[in-house]
Amino acid sequence: MYTKFFGLIKEPFNLTPDPDFLFLSERHREALATLTYGVRERKGFVLLTGDIGSGKTTVCRAFVKDLLLANDVRLAFIMNPGLSEVELLKAINDEFQIPSFYNTKKGLIDELNRFLLAQNQQGHNVVLIIDEAQTLSPALLEQIRMLSNLETENEKLLQIVLIGQPELRDTLALSQLEQLNQRIAVRYHLTPLTESEVLAYIKHRLFVAQAKVAIEFTPEALGRLYEASRGVPRRINVICDRALLACYAEASYVVDEKIMQRAIEEVTRGGELPSESRRKGISSRALPRLDPEAAKKAGRKLALWLGVSAGATLAMAIAIAIGIKLANVRASESVDYQPRVVPTPNSDALPKPALSLDLKPRPENTDSDSAAVSDSITSAPPAVTKAAPTPTPDWETLRRKNPHWKYEKNVPLVRVNNPKAALRAAQFSLLKMWGFPVDLGEMAKLGDEQIVNGVLQSENVKIKELRLPGAFYDVVKLNVPVIVRIKDPSPEHSEYMVLLRAEGEVITVGDPVWGVKTFRTKDFIKRFDSASLVYVDVYQLTSIQRGEASERVRALQEYLAKRGYLSNVSGKFDVDTAEAIKRFQAYYKLRETGQIDDLTAMLLNSRMMENGPRLAATGD
């Protein structure tokens, strides 16, 4: 009813589990990664649970969509498992398109076994996914366990994914299902969205639905929405759908507190929203917040060494202390894009060196990737505008009106109005995501030429520039914000952008010159040229030596043990630690050397840090 009013191509808050609308919060990304890991590594059984409406089925559909793209996967998807034992076996064989000539369990299992052996010889991975598995009786679950006995000496022939509500875990805990419960090697419980993710979730769905106008949700309305929905995506959809309908009735593009409250009351009265969701006391105060005192203790000083000579030789250097401001960063200032600025390592025993950043003159033979962007490369007018752009916009005038050496509101993005400074601004943006935001007021006093024509260095803390190998999807799988260089930039885009979020069919980038932009993934891939990043070796991992016994080695081992890569924490870098690093590298498709190279160190640091940098809230 309201789609034409808002310029939507389809309803953004439909309750059907459309994978195109999948919003990858930290939990949803981890759930998808868990499913992928369990199947690709042939772990046998994988379990995904979550409350009603938490997004299990949507994650599952996205997972299935990815599986179907692989030529080496054969898939059976059972969505209604309320069947008898024989009927379930028939349904599985039908999904695998196995000709069936039996009506007995033995005959059906024999047919399935022959199929699995044939697929294994062809190098295919056979996957069985059962949704709504909480409806399975203990007898059916035991029947499914028996299917996992179909194996060779080296590997499971059938990967089984069970997806269901929390009561499935209770069923699996029954003594008669102990064997099955022990066989589930990989499991994940999906929890609701956090309060800070709700707005990003709404914006994501409106973008996928291609809203032609800017639909505003006031902070008060979002607070009401979170209290009522408790972050459950299905409840958010029900309430937002009714709120947009109310806006349509009032010819308004703003969802305020009054409209939101009315929508909540209507869906509650109609039985679409459980009355318990109106419980009070679930507010933003209950959510984790940054500890300003702890952040202040983590404050560091950047010493900025800048060459002032126009030639290749260094005539003199100027040291300017630039304060690192980690305190007083409210969660609301990073409501749209994660990670938050909480860089302090968990272990108090880790070294906490003072950070000094040197911007020294760049050598003449610098890689062309760091070359200045041409002045002619400018960008489009602001991303959200109700008026159509003029046929011949004055790009130069528009560009000069943009912020210069300022942080974008609610986004860890450094804005500039000089295209030549786009790469450096992108690097400073990443430093903020790693927990080291630069005092841009002091930085701006130096002038663009000195800021741009320098090389990032540090005397005490390792700040590294790293070129990332591979194509776009290889970069996205690392799940860290990166700097993307695009091919043949048009007047609407800078040459260098910060990849902030990648969610299925949609990506969000921060253009230092023109602000936050959103693209369809398939369109952006055509523009993708290469990716790089800067990162801080917070845990000083790159200098760890074989045989070293130290607190930083212990911190590394504790992380590897927590993730299941290592069984024994000794505090000494031994053979077992090297093997654990190999397993970590294998998980992220890196070269399995067992050594901590730059790429491995970057990923380990980002995972070991509390709330380390991710592509939007994201997980491992």
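The values are calculated or read from the model by the stated rules, or taken from the named source; none is laboratory data. Owing to the predicted nature of the structure, the values given are computational and were not obtained by experimental measurement. Please note: Cβ atoms are built from the backbone with ideal geometry, for glycine as well, and neighbour counts cover all protein chains shown. Remember, those area values only see protein heavy atoms, side chains included, never the ligands or the DNA or RNA. Shrake-Rupley method; radii C 1.70, N 1.55, O 1.52, S 1.80 Å.
Some points to look at:
- Residue 448 being surrounded by fewer than 20 Cβ atoms within 10 Å (Cβ to Cβ), touching a residue at least 12 places away in the same chain (Cβ under 8 Å) and of a type outside the set (A, V, I, L, M): yes
- For segment 173-187, the set of residues classified as open to solvent by less than 40 Å² (accessible area, probe 1.4 Å) and touching a strand residue (DSSP E or B) at 6+ places or on another chain (Cβ under 8 Å) consists of 180, 184, 186, listed by residue number.
- Residue check, residue 261 open to solvent by 60 Å² or more (accessible area, probe 1.4 Å) and not acidic (Asp, Glu): no
- Within segment 193-207, residues that are closer than 18 Å to residue 31 by Cβ sit with their Cβ atoms under 8 Å from residues that are of a type in the set (D, E, K, R) and open to solvent by less than 10 Å² (accessible area, probe 1.4 Å), at 6+ positions apart or across chains, in these pairs: 204/503.
- Members of segment 34-56 found to be open to solvent by 10 Å² or more (accessible area, probe 1.4 Å), in a helix (DSSP H, G or I) and touching a helix residue (DSSP H, G or I) at 6+ places or on another chain (Cβ under 9 Å), listed by number: 36, 37, 56
- In segment 572-595, of all residues being β-branched (Val, Ile, Thr) and surrounded by fewer than 22 Cβ atoms within 10 Å (Cβ to Cβ), the one that is farthest from residue 479 (Cα to Cα) corresponds to 575.
- Residue 16 being surrounded by fewer than 18 Cβ atoms within 10 Å (Cβ to Cβ), without any contact (Cβ under 8 Å) to a residue 40 or more places away in the chain and closer than 19 Å to residue 234 by Cβ: yes
- For segment 204-219, the tally of residues that are surrounded by 20 or more Cβ atoms within 10 Å (Cβ to Cβ) and outside any loop (DSSP other than H, G, I, E, B) stands at 5.
- Qualifying residue in segment 516-532 (condition: in contact with a Lys or Arg (Cβ under 9 Å, 6 or more places away or on another chain), crowded, with 24+ Cβ neighbours inside 10 Å and at pLDDT 90 or above): no
- Segment 1-13: number of residues that are assigned to a loop (DSSP other than H, G, I, E, B) and open to solvent by 50 Å² or more (accessible area, probe 1.4 Å): 4
- In segment 126-139, the residues that are open to solvent by less than 10 Å² (accessible area, probe 1.4 Å) form Cβ pairs under 6 Å with partners that are of a type in the set (S, T, N, Q), at six or more places apart or across chains, as follows: 126/119; 127/159.
- Conditions (1) in contact with a helix residue (DSSP H, G or I) (Cβ under 8 Å, 6 or more places away or on another chain); (2) open to solvent by 40 Å² or more (accessible area, probe 1.4 Å); (3) part of a helix (DSSP H, G or I): number failed by residue 226: (2)
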